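The values are calculated or read from the model by the stated rules, or taken from the named source; none is laboratory data. Since the model is a prediction, treat every value here as computed from it, not as a measurement. No Cβ is skipped: glycine too gets one built from the backbone with ideal geometry, and neighbour counts run over all protein chains shown. We work out accessible area using only protein heavy atoms, side chains counted, and drop any ligands, DNA or RNA first. Shrake-Rupley method; radii C 1.70, N 1.55, O 1.52, S 1.80 Å.
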Amino acid sequence: MAISVAGGVKPAQVTEIEHRLYKQLIVGKGKSVAMADELYVEMEDDANKLEIESEAIRARLAKQNQAKQVFDAVSKQLLTSVNSCIEQQLSLPAEVLAKFKLDEKQVLLLELLYSKHVDLARVRPLVAALPWLERDLANIVNGSSFRHRRPKSSDVQVTDIKLVLNYIGIENLQMLIPYFCLRRMMPSGQPQMLWLTRKLWRYSVVSSIAAQALAELHEKDKAFIYSCSLMSQLGATCVINQCANTFDDMWGEWLREASASRDKELYDAVMATEFPANDVYQQVLSHSRSLNWQLLTLLNFDNSRLTQTYKAIDTSMKYAELDQDSALIERASCFAKVYLLHEAGNISAAERRLMFDYYQVTEQEQVRLSAQNFRKLVLF
């Protein structure tokens, strides 16, 4: 019989499996399994064209020795500059936050929505202060799939935010608002970021579906557990955003300079330089868990339940030391990692058992989680 590692100091093999999942998300070339709510569908053609063009240039350069030497030198210099800039930025969380799409209004909204008694009168002005969120919620109410929920006599567009919130209802807002907040924060920009973003989004959604199921099974605070689990990739999203924006800016600047110089070899070398996924993966491992709570602390939410949960997950040496909320979030995350690794054929049966043993995922929980549909987050 294998010796149990349940809840103690995390074994190196568990850490390696978890890192493998992030490597699959960030470095892996595979595209995400399709979901019902794919992000940035309009970018797919551009992403495919850029990928094909870059691969063609790299293949041609590989056959031309001198051009290959130029490419290697230019690409190395560009990526060294990018990585140096990223290192400097990530060492200053306050500067990272200043460039990230997260502010006090969003965090306060999350807090209000998972409080015991949700007051729409307090929620409404915060939604109105976030035009993108007000628009997203209004689009839900005015969409064809929602029409049957409204009075039959009303076919006009609903624009009043009070009516929008009342139509949607508190329980649905508890699902929708964290969902839209995280979607807005997801990395965008260069088309080549599309596949990474979709994989990260899917991991977040799978984790939140698992967390919901566990919250229902154990009769825990479903609104908080869902919101906390969905937003638990806040730090990873922030790191990837910072890296993507820095690469985007420098790559674009170098490309414009190469074009102006009319040096085709230089232009091709810059054009063929890939997003430094391996370096970004290392930055995510180094910074993402601490940024989860540091960003909230910088926004003056030190004592928030969300902040305290993320801090406990980041700083506890042993799973067994976690409070019930944090432990449930970690079990949901464990299941999501195993699920996505298994889907990609990237985890063995023994490794799966080890993960479930360490995070103390019971057979009853496994049965409940295995029955969930992880292709779509049911918002209504």
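Brief remarks on what is shown
- Maximal additional length on extending the E321-R375 stretch stands at 16.2 nm, based on 0.36 nm per residue less the C-alpha distance.
- Over the Cα atoms of the stretch 154-261, the radius of gyration divided by the Kirkwood radius equals 1.15; this is the Rg/Rh ratio.
- Distance between the stretch 350-368 and the stretch 77-138 - C-alpha centres, whole angstrom: 34 Å
- Structural descriptor for the stretch 252-338: relative contact order 15 percent, calculated from alpha carbon pairs under 8 angstrom and at least 6 residues apart.
- FRET efficiency, 1/(1 + (r/R0)^6) with R0 45 Å, evaluated for S348 and K116 via beta carbons: 0.55
- Backbone N within the stretch 257-297 under 18 Å of label point (7 Å from Q69 Cα along the Cβ vector): 264-270
- Spin-label model distance (nm) - S81 vs W132, 7 Å beyond Cα toward Cβ: 2.8 nm
- With all protein chains in place and a 1.4 Å probe, the accessible surface of the chain carries 50 percent carbon and sulfur.
- Full extension of the chain between E55 and S259 gives 71.5 nm of extra length, using 0.36 nm per residue less the Cα-Cα distance.
- Scaled against the 2.2 N^0.38 Å expected of a compact globular protein of N residues, the Cα radius of gyration of the stretch 316-371 reads 1.12.
- Averaged over residues, the count of other Cβ atoms within 10 Å places the peptides 366-377, 283-294 in the sequence 283-294, 366-377, highest first.
- Ranked packing of 87-97, 167-177, most packed first, by mean Cβ within 10 Å: 167-177, 87-97
- Accessible surface area normalised per residue over the stretch 324-380 is 48 Å², counting heavy atoms of protein chains with a 1.4 Å rolling probe.
- Per-residue ellipticity at 222 nm from helix content only, as computed over the chain with -39500 (n - 2.57) for each DSSP H run of at least four residues, stands at -22500 deg cm²/dmol.
- Per-pair calculated FRET efficiency, R0 = 25 Å: N278 and D314 via Cβ, rounded to 0.05: 0.60
- Placing +1 on the Cβ of every Lys and Arg and -1 on the Cβ of every Asp and Glu, with nothing else charged, gives the chain a dipole about its Cα centre of roughly 680 debye.
- Helices in the chain that qualify as membrane-span-like (whole DSSP H runs, Cα extent of at least 18 Å along the helix axis, mean Kyte-Doolittle hydropathy of -0.5 or higher) are 12-26, 65-90, 170-185, 194-217, 234-261, 277-298, 324-343.
- Residues of the stretch 68-108 with an amide N closer than 11 Å to a point placed 7 Å from the Cα of L298 along the Cα-to-Cβ direction: 89-103.
- Sequence ranges 254-263, 335-344, ranked by mean other-Cβ count within 10 angstrom, highest first: 335-344, 254-263
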